1. Among the listed residues ARG405, ARG429, which satisfies the condition of being in contact (Cβ under 8 Å) with a residue 60 or more places away in the chain, within 27 Å of ALA122 (Cα to Cα) and open to solvent by less than 10 Å² (accessible area, probe 1.4 Å)?
2. Can you say whether ALA219 is of a type in the set (A, V, I, L, M) and modelled with pLDDT under 95, as far as the supplied structure shows?
3. Of everything in the range 159-174, what is surrounded by 14 or more Cβ atoms within 10 Å (Cβ to Cβ) and assigned to a loop (DSSP other than H, G, I, E, B)? Give them in sequence order.
4. Here is a list of conditions, (1) touching a strand residue (DSSP E or B) at 6+ places or on another chain (Cβ under 9 Å); (2) modelled with pLDDT of 95 or more, and HIS184 meets all of them except one; can you say which number that is?
5. Every residue in the range 408-426 that is open to solvent by 10 Å² or more (accessible area, probe 1.4 Å) and more than 17 Å from SER343 (Cβ to Cβ), please.
6. Filter the range 230-243 down to the residues that are open to solvent by 10 Å² or more (accessible area, probe 1.4 Å) and part of a strand (DSSP E or B), then identify the one that is nearest to ASN298 (Cα to Cα).
7. Could you check GLN371 against (1) closer than 24 Å to ALA76 by Cα; (2) free of Cβ contacts under 8 Å to residues at least 12 places away in the same chain and say which number it fails?
8. Quick one: how many residues across the range 215-229 are open to solvent by less than 20 Å² (accessible area, probe 1.4 Å) and part of a loop (DSSP other than H, G, I, E, B)?
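The values are calculated or read from the model by the stated rules, or taken from the named source; none is laboratory data. Everything quoted here is computed from the prediction, not taken from an experiment. Because the Cβ atoms are built from the backbone with ideal geometry, glycine has one as well, and the counts that use them run over all protein chains shown. Quick note on the areas: whole protein, heavy atoms, side chains included, nothing else; ligands and nucleic acids left out. Shrake-Rupley method; radii C 1.70, N 1.55, O 1.52, S 1.80 Å.
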Amino acid sequence: MPVWQVSHRITCALVGAALVTGCSTDTAPGTAQSGTSATTTTGEPPSAPRTAELTEVTVDVPDGMRATPFDEPRRAMVPAGWTLSVWARTDKPRLMAWAPDGALLVSIPRTGQVLSMRDGNASVLLDGLTQPHGLTFAANRLYIAESNRISSYAYRDGAAVEPRVIADDLPDGRSPDLRGAYSHALKSVAVGPDGAVYFSIGSTGNISEQDRTATPPRATIMRVAPEGGPAQPFSTGVRNGTGLAVAPDGAVWTAVNNRDNVADPSTGQVDPAYVDDNPPESVAKLSPGRELGWPYCNPDGGPANLPLIRDVQTNPDGSRMDCAALPPIEQSLGAHSAPLGLSFSTGQLPRPYDSGALVGVHGSWNRQNPQPPEVSYFAWRDGELGDQQTLVGGFQADDGTRWGRPVAAVAGPDGSVYITDDYADAVYRLTPPT
């Protein structure tokens, strides 16, 4: 059955919970045609190859997939010689993982389902879950981050069976103490080379500092043993680390949605001109006990090796946390970019994208000049990430209207990049020249 038909039946049959995703509050596709200017790069490590020039292409849309926003031609910016096509249509697709048998698994938090996609067609792999979001594989086990638990399944013959709870009773919008006030309930999951399971617990709000002392602590990346058991904080002060992935060297990285409406340190006032560009979003390499500062410290400057500075609203005299003592943040994106899915490409793609991080950038909701959605690429060299580069852009017009908002991007076994878009209800395939 085509994905669009599966999604339509799902949507009519189920009423999903409302989601607050990253820094976004938009829920419906736009109608304006995308702009034509590409985002420029800010630099690369000396060893990294130059990024190819981006060119404008018309998104290829197969017959039967031309519902809004593809009821009119859409144009995007991609590397020269690459093509972008709509591969599938489905309701609000989020994060993805490739199964060992070649199926692309896609989470649909709104309907409580995980879909299995092959050649643009979908079947329901799992149903009745609680806002499933993060997906990953370790050997032949599928790990799923629901809003209230982390589970794993044996994956055999295209089916997910023998569920095992890895971590339970996680905070979400149904937690009695939160009374539905949870802005970042969706969670992500990654499995380290030692089998340990890492998962994100987002903050309940923008500067809800009580999250740091909650049980379990929120605004953290947690770690639990492969067989499950009590989970422990791995890294703290992580406002909303939706992007979570293991790098080629086995290190755990996160892409973080940092806080909104921060005051200008020089005046103590919330000035929209300052808020537009502060604080940058973090892309950080995690280690046991690492502190990323939220809500007392914010990254400053960039694009790389960002120091953390005192938040004058939550840490006015510096007594809550010594920001200067924290290690710098390795990489960044522009303020309010709202990075969501994070994955690493390890040889599937041609140069200069053969080794690096792919990030779905959802775009801003509270910036006067909206931060545009895109798929970003960070070159990986010798254990470090280079500066942000645009891999796919053009989703936003000059007046700030949008027709799409990428969530995640993963390299496929066929050498293409697959991209979810929960604004256009689409999965794209970005294909390099043959």
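1. Working: ARG429 fails: open to solvent by less than 10 Å² (accessible area, probe 1.4 Å).
Of the residues listed, the single one that is in contact (Cβ under 8 Å) with a residue 60 or more places away in the chain, within 27 Å of ALA122 (Cα to Cα) and open to solvent by less than 10 Å² (accessible area, probe 1.4 Å) is ARG405.
2. It is false that ALA219 is of a type in the set (A, V, I, L, M) and modelled with pLDDT under 95.
3. Across the range 159-174, the qualifying residues are LEU170, PRO171, ASP172, GLY173, ARG174.
4. HIS184 satisfies all of (1) touching a strand residue (DSSP E or B) at 6+ places or on another chain (Cβ under 9 Å); (2) modelled with pLDDT of 95 or more except (2).
5. TYR423, ASP425 - these are the residues of the range 408-426 that are open to solvent by 10 Å² or more (accessible area, probe 1.4 Å) and more than 17 Å from SER343 (Cβ to Cβ).
6. Among them, the one singled out is THR236.
7. It fails just one condition, (2).
8. Residues of the range 215-229 open to solvent by less than 20 Å² (accessible area, probe 1.4 Å): 218-222, 224, 228.
If we keep only those that are part of a loop (DSSP other than H, G, I, E, B) as well, we get 218-219, 228.
Of the residues in the range 215-229, 3 are open to solvent by less than 20 Å² (accessible area, probe 1.4 Å) and part of a loop (DSSP other than H, G, I, E, B).
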